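Read through the structure below, which is laid out as structure tokens, and then see the notes.
The values are calculated or read from the model by the stated rules, or taken from the named source; none is laboratory data. Quick caveat, the model's predicted, so the values are computed rather than measured. Every residue, glycine as well, gets a Cβ built from its backbone with ideal geometry; the counts of neighbours run over all protein chains shown. With ligands, DNA and RNA removed, areas are computed over all heavy atoms of the protein, side chains included. Shrake-Rupley method; radii C 1.70, N 1.55, O 1.52, S 1.80 Å.
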Amino acid sequence: MPEEKADVVGDASDDSMATFALLDETHTLGNAVRFLLNGNNNVDFCGYSVPHPSDHVVHVRVQTTGEISAKQALIDAGNQLVDVCDALESSFDVALAQAPPPTST
Amino acid sequence: MGSSRRRSGTAAASVPVTAAKLDPSADADAEVMMGGDGAVDTSLSLQERNKYVRISGTLVQNTSSTLGGESFSPELLSNTLSTRVTASEPSGDSLEFEMASPYLDLSLANALRRIMIAEVPTVAIESVLVKDNTSVIQDEVLAHRLGLVPIKCDPAWLEWKSKDETASEKNTIVFTLDVTCYVNEEGEVVNEKVKSSHLKWLPGGSDMGRTGGVAPADGTPNDGTPNVDNEYTKFETSQRDVLAARGWDENTDGAPRPVHEDILLVKLRPKQRIRLEAHCVKGEGCDHAKFSPVATCWYRLYPSLRISESSPVTGKDADALVEQVEALCGTKDDQGNDKPCGYVKVENGVATVAGDVRDDFKAQELWRQLGSDGSGSPFEGKLSLQKDKHHFIFTVETAGQLTPQRIVKDAIHLLREKARKLVSSLDDQAMDTD
């Protein structure tokens with residue numbers, strides 16, 4: 001169900017900067033996305049917050065250098081996270097295949 | 001050494017940091033600055049600061065995890081990522097594995113941990129219909145106890161059920177429990193203990209709300225004939241077929257059942273009876289802890305010992321250090337033979353680190369305390385415990401519903417699904433506005 005999941009909060013006049021509200025998300029995605037955005041050289045500033053612990057929403061602030069739009073930066077981060085998960089899974093699969101036999105501790 | 005700069009002992013971690021910042025006499029080796037992320041030890045190279053958290057006494061330094069201005073790409077991670085399983089129990093109840101890469105950040109490791117605890121779905125008892133309960137345990141308390149019983153039923157076999165949705169063979173597993181305590185002819189009390197093994201699967205759905213209100217008189221579970229005319233569940237085909245279509249194999253998986261057969265639910269006295277039905281649904285730990293597949297799941301950073309290069313431990317101090325560590329770790333092995341100190345040795349009068357303290361928490365703690373400022377020890381400011389910020393030792397202890405291997409895989413899949421949803425919702429927005 002790709003319902004409205006990412007909204008833009010506040011001023012949207014300049015597309016190089018925006019605050020996105022990720023609905024039904026927590027620190028889990030917020031912090032991971034923040035890390036990936038901070039690793040993007042076209043991103044000047046990025047931070048995330050959970051405005052209220054009772055609201056199931058995460059705000060992600062993105063300001064880019066102007067080379068790409070803030071939205072594109074977030075899309076790139078999302079795609080990178082998919083690739084990261086692929087890397088984690090294949091690496092974990094290899095580890096399971098090479099795992100030593102179980103021992104009791 | 002400036003023992004007045006920082007106080008060890010019971011002081012909170014933030015106190016010594018502030019004191020160090022204010023003191024102009026701080027020497028170069030332990031110069032401390034306050035940054036946005038806490039204390040930074042400038043005596044270390046940038047590379048080392050990015051790699052290790054450094055701990056001596058109560059002082060914790062270099063906690064921020066940055067890439068040092070480097071850009072991130074998933075290829076960098078996948079090319080450098082190494083994962084290995086380091087321990088697992090023969091029972092299959094726990095798994096320890098390590099993940100390491102200079103590009104593996106805390107935020108990614110923590111996302112996995114959080115998902116394993118709160119978002120990997122399992123099946124648990126959600127509602128309990130009590131027909132008869134003459135025991136001393138109240139219905140509500142009994143229902144809560146039943147909810148916490150881990151259920152062996154793969155969540156992939158079931159669909160999600162929303163609150164107002166009708167319970168069907170696709171989204172609900174029904175268990176019945178009918179136990180009467182009595183005294184038999186030999187004078188023995190039978191069924192004194194009601195255990196989780198008394199829960200029996202009803203593949204045909206609820207027997208309680210059957211039109212006409214007839215449950216099998218002898219309390220034997222129904223045979224799986226679908227029970228359509230029912231107030232509580234609407235099973236239209238046998239649940240066996242529905243589960244089998246989603247990967248269930250009766251011969252290898254067995255019937256849905258409690259993971260453990262011997263969980264004590266209630267104790268009865270003769271003539272007391274409990275008759276109830278327990279309806280299970282698929283759920284996730286963020287909704288209720290009973291759905292969490294892990295007893296717990298955590299990670300720690302790979303620890304190592306460090307002796308300062310700029311002010312090494314030499315001469316008599318070096319021998320004293322070896323002695324201290326030996327006093328803790330012992331000088332004999334299991335067979336009673338002499339063994340050298342595992343963690344530190346003296347070479348040309350200089351103490352050097354000689355061993356891996358990964359699993360020796362006592363040695364880690366000793367090292368941390370010896371390096372503490374204000375302790376008056378000759379090792380003040382020379383010894384520190386360091387932890388690799390990009391090398392995670394995960395431990396996953398399952399509650400029994402799923403194997404730990406499966407929990408990790410499910411968590412990775414769920415994180416990927418989150419990322420995909422984020423991307424697709426942003427792509428949709430473009431189409432809306434254009």
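What 222 nm value per residue comes from the helices of the protein assembly as shown, counting each DSSP H run with n ≥ 4 as -39,500 (n - 2.57) and dividing by all residues, nearest 500 deg cm²/dmol? Let's see the in-between values first.
Working: 12 runs with 150 residues, N = 539.
That comes out to -8500 deg cm²/dmol.
For a quick check of understanding: with a 1.4 angstrom probe and all protein chains in place, what accessible area in square angstrom does B:Tyr343 have, to the nearest ten?
My reading of the accessible area for B:Tyr343 is about 30 Å².
Note the per residue figure in Å³ for the convex hull of the C-alpha positions in segment B:334-434. Spell out each step's value before the answer.
On the way: hull volume 25.7 nm³, N = 101.
Normalising the Cα hull of segment B:334-434 by residue number yields 254 Å³.
Counting only heavy atoms of the protein chains, get the accessible area per residue of chain A (1.4 Å probe) and round it to a whole Å² value.
Working: 5140 Å² over 105 residues.
Heavy-atom accessible area per residue stands at 49 Å².
Would you work out the relative contact order for segment A:6-98, in percent, from Cα pairs under 8 angstrom that are 6 or more residues apart? Walk me through the numbers before you get to the answer.
On the way: 145 pairs, mean separation 26.8, N = 93.
About 29 percent, as a whole number.
Give me the inter-chain shielding for B:89-100: mean count of other chain Cβ atoms within 10 Å, whole number please.
On the way: counts 4, 4, 2, 1, 1, 2, 3, 1, 4, 1, 4, 1.
Across the residues of B:89-100, the mean count of other-chain Cβ atoms within 10 Å is 2.
Taking Cα atoms, how many degrees apart are the long axis of helix A:70-97 and the longest axis of chain A, rounded to 10 and kept between 0 and 90?
Between helix and principal axis, roughly 0 degrees.
Please report the net charge: other residues with Cβ closer than 10 Å to the Cβ of B:Leu264, K and R +1, D and E -1.
Values: positive: B:Arg145, B:Lys193, B:Lys195, B:Lys267; negative: B:Asp262.
Net of charged neighbours comes to +3.
Among the lysines, which fall within straight-line cross-link reach of B:Lys332, defined as a Cα-Cα distance under 20 Å, with same-chain neighbours fewer than 8 residues apart omitted?
B:Lys345, B:Lys362
Give me D for the protein assembly as shown in µm² s⁻¹, whole number, from Stokes-Einstein with Rh from the Kirkwood sum over alpha-carbon pairs, 4 °C and 1.567 mPa s.
Details: Rh = 27.5 Å.
Stokes-Einstein gives a translational diffusion coefficient of 47 µm²/s.
Give me the percent relative contact order of segment B:122-292, please, defined on Cα pairs under 8 angstrom at least 6 residues apart. Numbers along the way, then the final one.
Numbers: 377 pairs, mean separation 69.9, N = 171.
RCO, segment B:122-292: 41 percent.
Over segment A:6-98, one equal point on each Cα, no solvent: what is log10 I(q)/I(0) by the Debye formula at q = 0.13, 0.21, 0.23 Å⁻¹?
Log-scaled intensity ratios, in q order: -0.47, -0.97, -1.10.
Compute from the Cα atoms of segment B:122-292 the Rg and the Dmax, the latter being the longest Cα-Cα distance, and quote both in angstrom.
Expressed in Å, the Cα Rg and Dmax of segment B:122-292 come to 15.9, 50.
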